[in-house]
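The values are calculated or read from the model by the stated rules, or taken from the named source; none is laboratory data. The structure displayed is predicted, hence computed values, not measured ones. Using ideal geometry, Cβ is built from the backbone for each residue, glycine included, and neighbour counts are taken over all protein chains shown. SASA here: full protein model, heavy atoms, side chains in, ligands and nucleic acids out. Shrake-Rupley method; radii C 1.70, N 1.55, O 1.52, S 1.80 Å.
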Amino acid sequence: NNLYLISRSGNIILNANDDISFTSKNINFTASNFTLPKTSILDSSDSINLITGSLMTDGGVAINKSLVVGGNILGLSNINITNNLNVYDSLYVSKSINLGTQSLSFSNNYLNFSKLKITANNDSYNITSGSLLVNGGIGIQKNINIGGNCTINNQLFILDDLNINKNINIIGDCT
């Protein structure tokens, strides 16, 4: 029960004012160029790997306009983005992020990275202003260099030597 469409001119044109329906287990087209108008695939099979889903291809896919995905995007290899990646909710990363030559990694609920530069230049006037605001404590294992004034709202504990290169100005009582 095969239907063969054979053309002597090299073209087969199906033109209808209404729907053209193909009902078959497999429909195979072999052509170097194949053009379809607006097309709907009614099979709703989900995809969980490279051999499941409603539409599968052995080759790549080029899309010239937006791609809207209502489910998950599973990248089984690299996902390369040439322009911006805009995330409007949460970004979940299970291991690490590489930014140029820098690497961000997550370990024991800490974000680890080798360098951080904040280029905003907001000045700080109190504990709620400035370019970097931290609600918790800060543990620093090496030197701190401060180019402007340093205000401490509570006590200062010095556990080793105090070296002063210039004068000490005391405003108020000294005990």
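A few comments on the model shown:
- Residues being under 30 Å from G100 (Cβ atoms) and aliphatic (A, V, I, L, M) - total across segment 117-175: 9
- Scope segment 80-129; condition farther than 30 Å from S66 by Cα and of a type in the set (S, T, Y); matching residues: T101, S103, S105, S107, Y110, S114, T119, S124, Y125, T128, S129
- The sole residue among N135, N108, N153 that is farther than 30 Å from I79 by Cβ and under 34 Å from the mean Cα position of the chain (by Cα) is N135.
- Of the listed requirements (1) out of contact with any Asp or Glu (no Cβ under 9 Å at 6 or more places or on another chain); (2) in contact (Cβ under 8 Å) with a residue 24 or more places away in the chain, V68 misses just one: (2).
- Only listed residue being surrounded by 10 or more Cβ atoms within 10 Å (Cβ to Cβ) and of a type in the set (A, V, I, L, M), chosen from L104, L91, L85: L104
- Test: residue in segment 144-152 that is farther than 17 Å from S124 by Cβ, in a loop (DSSP other than H, G, I, E, B) and without any contact (Cβ under 8 Å) to a residue 12 or more places away in the chain: no
- Of all the numbered requirements in (1) among the polar types (S, T, N, Q); (2) surrounded by 10 or more Cβ atoms within 10 Å (Cβ to Cβ); (3) in a loop (DSSP other than H, G, I, E, B); (4) free of Cβ contacts under 8 Å to residues at least 24 places away in the same chain, S47 misses one, and that requirement is (4).
- Residue pairs whose Cβ atoms lie under 7 Å apart, separated by 6 or more positions or on different chains, with the first residue in segment 129-140 and surrounded by 10 or more Cβ atoms within 10 Å (Cβ to Cβ) and of a type outside the set (V, I, T) and the second at pLDDT below 90 and assigned to a loop (DSSP other than H, G, I, E, B), are S131/I118; L132/I118.
- Check on I97, at pLDDT below 90 and in contact with a strand residue (DSSP E or B) (Cβ under 6 Å, 6 or more places away or on another chain): yes
- Selection status of T128, in a loop (DSSP other than H, G, I, E, B), farther than 30 Å from L50 by Cα and under 24 Å from the mean Cα position of the chain (by Cα): no
- For N112, the conditions (1) farther than 30 Å from L50 by Cβ; (2) in a loop (DSSP other than H, G, I, E, B); (3) open to solvent by less than 80 Å² (accessible area, probe 1.4 Å) are fulfilled apart from (2).
- Residue within segment 85-92 that is farther than 27 Å from L50 by Cβ and outside any loop (DSSP other than H, G, I, E, B) present: no
- Residue satisfying condition, being surrounded by fewer than 10 Cβ atoms within 10 Å (Cβ to Cβ) and either more than 28 Å from S21 (Cα to Cα) or touching a Cys at 6+ places or on another chain (Cβ under 6 Å) (or both), within set S40, S77: S77
- S24 vs. criteria loosely packed, with under 10 Cβ neighbours inside 10 Å and of a type in the set (S, T, N, Q): yes
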